[in-house]
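A short worksheet on the structure shown next.
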Amino acid sequence: MDWSDSSTAKSMASGTHSAVNEDTNDKSYWSHDNTEGMAKVTETLNMLLADVFTLYFKTKNFHWHMSGPHFRDYHRLLDEQAEQLFASTDVIAERVRKMGGRTLSSVQHIVRLTRLSGNEADFVAPSQMLAELRSDNERLAGFMRDTHFVCGGVDDVASMSVLENWIDEAERRVWFLLECGRKA
């Protein structure tokens, strides 16, 4: 059926529903009527932001304390991965602010919200560093999928879009860490 010729088809841009999406709820994501949905998204994004900061610091910690025969390669890899993680922090925080929410305000706030842990050991073997980071990146990708689901529930397509890219980046980090950690 050609919806452009149908009298029931109206522009989604004008805010009216067409027959294609007639069972869509009437609450726009950005509407002040949807404060509950927006609050859930900002809460979930803030937890994700805390997780990203935690993994960023852990990745930099291992980058700074790397040793062994593969020092140069691992040192560079972890620096690249840390930069990628850090690049997402501003976007996450600004998504929260665009929704009228408050984002993280201190290191203590990060500690309260994060679901990941750091590593303060005096020495960590390079193979253990790679394994820990691989596991944490796998968990982060899972948290991102959970956040994507929450955003989808309130039709926050902008957050969903950036999350899809970050999930791909996290999966790539997992892959690189897995391959680097394989025994020859």
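The values are calculated or read from the model by the stated rules, or taken from the named source; none is laboratory data. Note that the structure is predicted; figures quoted are calculated from it, not measured. Counting neighbours? That spans all protein chains shown, and the Cβs are built from the backbone with ideal geometry, glycine included.
The residue of the stretch 104-133 that is surrounded by the fewest Cβ atoms within 10 Å (Cβ to Cβ), among those that are outside any helix (DSSP H, G or I) and touching a residue at least 60 places away in the same chain (Cβ under 8 Å), is 117. Name every residue in the stretch 61-74 that is surrounded by fewer than 14 Cβ atoms within 10 Å (Cβ to Cβ) and not in a helix (DSSP H, G or I), in order of residue number. Answer for the stretch 61-74, where residues must be surrounded by fewer than 14 Cβ atoms within 10 Å (Cβ to Cβ) and not in a helix (DSSP H, G or I): 67, 68, 69. Mind counting the residues in the stretch 134-160 that are crowded, with 18+ Cβ neighbours inside 10 Å, in contact (Cβ under 8 Å) with a residue 60 or more places away in the chain and of a type outside the set (D, E, K, R)? Summing the residues that are crowded, with 18+ Cβ neighbours inside 10 Å, in contact (Cβ under 8 Å) with a residue 60 or more places away in the chain and of a type outside the set (D, E, K, R) in the stretch 134-160 gives 9. Candidates in the stretch 14-60 are the residues that are farther than 26 Å from residue 94 by Cα and either modelled with pLDDT of 95 or more or assigned to a helix (DSSP H, G or I) (or both); of these, the one that is nearest to the chain's Cα centre (by Cα) is 21. Being in a helix (DSSP H, G or I) and crowded, with 19+ Cβ neighbours inside 10 Å is a property that residue 163 has.
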